[in-house]
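Participant: The following block contains the structure, expressed as structure tokens.
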Amino acid sequence: MTVQETSRVGSALKLPHAEQEKITRRQKPARRLPAQKDWPLWAIFTAQIGIFIGLTALWQLAADTGVIDGFFWSRPSAIYATLVKFFSDGDAWIDISFTFRATIIGFLIGTIFGSLLGLSFWWSRNYAAIVQPYVICFETLPKLALAPLVILVFGLGLASKIAIAAALTLVVSTLTTYAGVKAVDPDQERLFYSLGASRYQVFRKLVVPFCLPWTISVLRINIGLALTGAVVGEFIAAEHGLGRQILYAGQTYDIALVWVAVLVLSTLAVFMYAAVSWLESLLRKGVRQ
Amino acid sequence: MAFHTANGAFAALAPVALTIEQGRFVSIIGPSGCGKSTIFNIIAGLQEPSGGQVLIDGTAATGTIGRVGYMLQKDLLLPWRTVLDNVVLGMEIQGVPLHAARERALPLLHRYGLSGFEYLYPNALSGGMRQRAALLRTLLFDTDIILLDEPFGALDAQTKLQMQEWLLGLWSDFGKTVVFVTHDIEEAIYLSDEVHVMATRPGRIVETIAVPIARPRARNATLTPEFVAIKQRCLTLLTAGADLGEAA
């Protein structure tokens, strides 16, 4: 009613512009808050599996009909056969264990020493100022470019892969933990000192627990980096490992084996990622205690 | 306690002489930047004065930490510790075994309005409760002198009144010497035996006003002519200081 009345007044006053505006406003459809309905979990899961099966089938079909070259792209059936062979009569477990060990040990060394280095910057501003440019240099340096040198120094075995994995993770941990150190509230430090605390007490009761979440937050990034480091090390020179397997298969045009090794590598990566996520949630709970 | 300082180069503080008797509740009011916090930092040993000295019970305490309890405006509770473990921090740093410190702290938490909160983490607490925990932490750190730097500055008016009563209760139970910094004139007068009014540029104490109102004070003591007269005097001093500051 009211709207109609106003519009009549508008036309009576001969205000065409205002009249126009009223009409558009009335005709504008009522807009509602966009709502998205969540699918049940099984539907999401079915869709995920469906996409995988669909893509695999498409691949197989394309290779069989000659749409893509089966020699360069391989085909799911051949990959499956190679996978079975890889695990039944190949060095599968030796390779997996080699890559796994290099990754985990490199990850641990890099993360632990990186975090300790980052924490150590709290002890002296002068020391931090002197060392910082070197750390940043080391960060910007493409460490993988040094890999051939590392292989020469540490040899063909596990040690060189560990060294590369550790080098990649060390800097990330150092810088992130150092960011935590810099974020410590100076007032909080003043409180500790006003309570008569020693520097060591401030370090142990304030700085370390405060920086722990920072340190923990890089664990997942680091596990990925460590794996990259280990695989690249194996690319360059190694006797075992999934990286070596991939390189070897590629050079002998055994494309199905390349896919198998990549598949196994991704599975390994997913497992390690899940383990580190679990460790992270565990540590986070510990930090609260 | 006697306290003397003469900051040279920057003259953040003009020579300040402040003597506080044991067991008294003393407030310092003044405009921002008049050096209240500097005085506190010097007393707490967190800042070295360019001249002068701090005497506690007649002995030199310039630049020594851990002699007074110091509470800042922020509660500074550690988020990864429970309320109980936050409260015992001072004792812990002084080397009291953790279980003994907890045993001492628990009854106090119960008596002073924190029962049920002992094992919660600070982020689950309201602003008033957090300040209570921070104050108890300061109290349990066994020193005779407590410096409170605007502890209730960030609280809403209602909570602030409650906390003032709570603080007075604590003070009469523990008999500690309290030095209280605030922006709130009424708060300063209501709580204190003595109010030191400061002025800025350079920071100095312009007048010390005794508050002879008998304790325990009722809330409506703030409406008595006596109280209003003191408040009037403080306001005059503070506005005079502000005018001077602008002229300078």
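The values are calculated or read from the model by the stated rules, or taken from the named source; none is laboratory data. Model, not experiment: these values are computed from the prediction. Note: ideal-geometry Cβ built from the backbone for every residue, glycine included; neighbour counts use all protein chains shown.
Participant: What helices (runs of 4 or more DSSP H), lying completely within the stretch A:157-206, carry at least 1 residues that are within 30 Å of A:I223 (Cβ to Cβ), within 24 Å of the chain's Cα centre (by Cα) and hydrophobic (A, V, I, L, M, F, W, C)? Walk me through it before giving the result.
Facilitator: Working: elements: A:158-182, A:186-194, A:199-202.
Output list reads A:158-182.
Participant: Also, I was wondering about something else. What number of residues in the stretch A:194-211 are within 9 Å of chain B (Cβ to nearest Cβ), in contact with a Gly (Cβ under 7 Å, 6 or more places away or on another chain) and touching a residue at least 24 places away in the same chain (Cβ under 8 Å)?
Facilitator: 1
Participant: What residue, among those in the stretch B:170-208 that are hydroxyl-bearing (S, T, Y) and without any contact (Cβ under 8 Å) to a residue 40 or more places away in the chain, is surrounded by the most Cβ atoms within 10 Å (Cβ to Cβ)?
Facilitator: Within the stretch B:170-208, the first condition is being hydroxyl-bearing (S, T, Y), and the residues that meet it are B:172, B:177, B:182, B:190, B:192, B:200, B:208.
When the remaining residues are screened for being without any contact (Cβ under 8 Å) to a residue 40 or more places away in the chain, the result is B:190, B:208.
Details: B:Y190: 21, B:T208: 13.
Here the answer is B:Y190.
Participant: A further question on this structure: Check whether at least one residue in the stretch A:136-150 is within 14 Å of chain B (Cβ to nearest Cβ) and either aliphatic (A, V, I, L, M) or under 22 Å from A:E234 (Cα atoms) (or both), and report yes or no.
Facilitator: Within the stretch A:136-150 (the criterion being within 14 Å of chain B (Cβ to nearest Cβ) and either aliphatic (A, V, I, L, M) or under 22 Å from A:E234 (Cα atoms) (or both)), the answer is no, since none of the residues qualifies.
Participant: Another question, if that's okay. Specify the residue that is nearest to A:V258 (Cα to Cα); the eligible residues are those in the stretch A:16-70 that are of a type in the set (S, T, Y) and at pLDDT 85 or above.
Facilitator: To start, the set of residues in the stretch A:16-70 that are of a type in the set (S, T, Y) comprises A:24, A:46, A:56, A:65.
Remaining after also requiring at pLDDT 85 or above: A:46, A:56, A:65.
Values: A:T46: 28, A:T56: 16, A:T65: 22 Å.
Filtering first and then ranking leaves A:T56.
Participant: Is at least one residue of the stretch B:129-136 buried (at least 23 other Cβ atoms within 10 Å of the Cβ) and charged (D, E, K, R)?
Facilitator: The answer is yes, given that some residue of the stretch B:129-136 is buried (at least 23 other Cβ atoms within 10 Å of the Cβ) and charged (D, E, K, R).
Participant: Being in contact with a strand residue (DSSP E or B) (Cβ under 7 Å, 6 or more places away or on another chain), of a type in the set (A, V, I, L, M, F, W, C) and touching a residue at least 12 places away in the same chain (Cβ under 8 Å) narrows it down to one of B:A101, B:A105, B:A17, so name that one. Walk me through it before giving the result.
Facilitator: Numbers: B:A101 fails: in contact with a strand residue (DSSP E or B) (Cβ under 7 Å, 6 or more places away or on another chain); B:A105 fails: in contact with a strand residue (DSSP E or B) (Cβ under 7 Å, 6 or more places away or on another chain).
The conditions single out B:A17.
Participant: Every residue in the stretch B:47-63 that is over 19 Å from B:R204 (Cα atoms), within 14 Å of another protein chain (Cβ to nearest Cβ) and either polar (S, T, N, Q) or surrounded by 18 or more Cβ atoms within 10 Å (Cβ to Cβ) (or both), please.
Facilitator: Hits for the stretch B:47-63 are B:I56, B:A61.
Participant: Please go through the stretch A:229-282 and give me each residue that is β-branched (V, I, T) and part of a helix (DSSP H, G or I), ordered by number. First the steps, then the outcome.
Facilitator: Quick first cut of the stretch A:229-282, residues β-branched (V, I, T) only: A:231-232, A:236, A:246, A:252, A:255, A:258, A:260, A:262, A:264, A:267, A:270, A:276.
Correct list: A:V231, A:V232, A:I236, A:I246, A:I255, A:V258, A:V260, A:V262, A:V264, A:T267, A:V270, A:V276.
Participant: Among the candidates B:R137, B:R130, B:R201, single out the residue that is touching an Asp or Glu at 6+ places or on another chain (Cβ under 8 Å) and of a type in the set (K, R).
Facilitator: Working: B:R137 fails: touching an Asp or Glu at 6+ places or on another chain (Cβ under 8 Å); B:R201 fails: touching an Asp or Glu at 6+ places or on another chain (Cβ under 8 Å).
Matching residue, one of B:R137, B:R130, B:R201: B:R130.
Participant: Just checking, how many residues over the stretch A:236-248 are surrounded by fewer than 19 Cβ atoms within 10 Å (Cβ to Cβ) and either over 13 Å from A:P148 (Cβ atoms) or free of Cβ contacts under 8 Å to residues at least 40 places away in the same chain (or both)?
Facilitator: Residues in the stretch A:236-248 being surrounded by fewer than 19 Cβ atoms within 10 Å (Cβ to Cβ) and either over 13 Å from A:P148 (Cβ atoms) or free of Cβ contacts under 8 Å to residues at least 40 places away in the same chain (or both): 2 in total.
Participant: Does A:I109 count as aliphatic (A, V, I, L, M) and loosely packed, with under 12 Cβ neighbours inside 10 Å? Break it down into steps so the answer makes sense when it comes.
Facilitator: Details: aliphatic (A, V, I, L, M): yes; loosely packed, with under 12 Cβ neighbours inside 10 Å: no.
No; evaluated as a whole, the condition is false for this residue.
Participant: Working carefully through the options A:S120, A:S173, find the one that is modelled with pLDDT of 90 or more, more than 14 Å from chain B (Cβ to nearest Cβ) and in contact with a Ser or Thr (Cβ under 7 Å, 6 or more places away or on another chain).
Facilitator: Working: A:S120 fails: in contact with a Ser or Thr (Cβ under 7 Å, 6 or more places away or on another chain).
Just one listed residue meets the conditions, A:S173.
Participant: I would also like to ask the following. Take the conditions more than 11 Å from every other protein chain (Cβ to nearest Cβ), over 26 Å from A:P213 (Cα atoms), touching a Phe, Trp or Tyr at 6+ places or on another chain (Cβ under 9 Å) and of a type in the set (S, T, Y) and apply them to B:Y70. Does it pass? Let's see the steps before the verdict.
Facilitator: Working: more than 11 Å from every other protein chain (Cβ to nearest Cβ): no; over 26 Å from A:P213 (Cα atoms): yes; touching a Phe, Trp or Tyr at 6+ places or on another chain (Cβ under 9 Å): yes; of a type in the set (S, T, Y): yes.
So B:Y70 fails the test.
Participant: Now, a different point. Out of A:L263, A:L219, A:L257, I need the residue that is under 30 Å from A:Q188 (Cα atoms), of a type outside the set (S, T, N, Q) and away from chain B (no Cβ under 14 Å). Which one?
Facilitator: On the way: A:L263 fails: under 30 Å from A:Q188 (Cα atoms); A:L257 fails: under 30 Å from A:Q188 (Cα atoms).
Of A:L263, A:L219, A:L257, the one residue that is under 30 Å from A:Q188 (Cα atoms), of a type outside the set (S, T, N, Q) and away from chain B (no Cβ under 14 Å) is A:L219.
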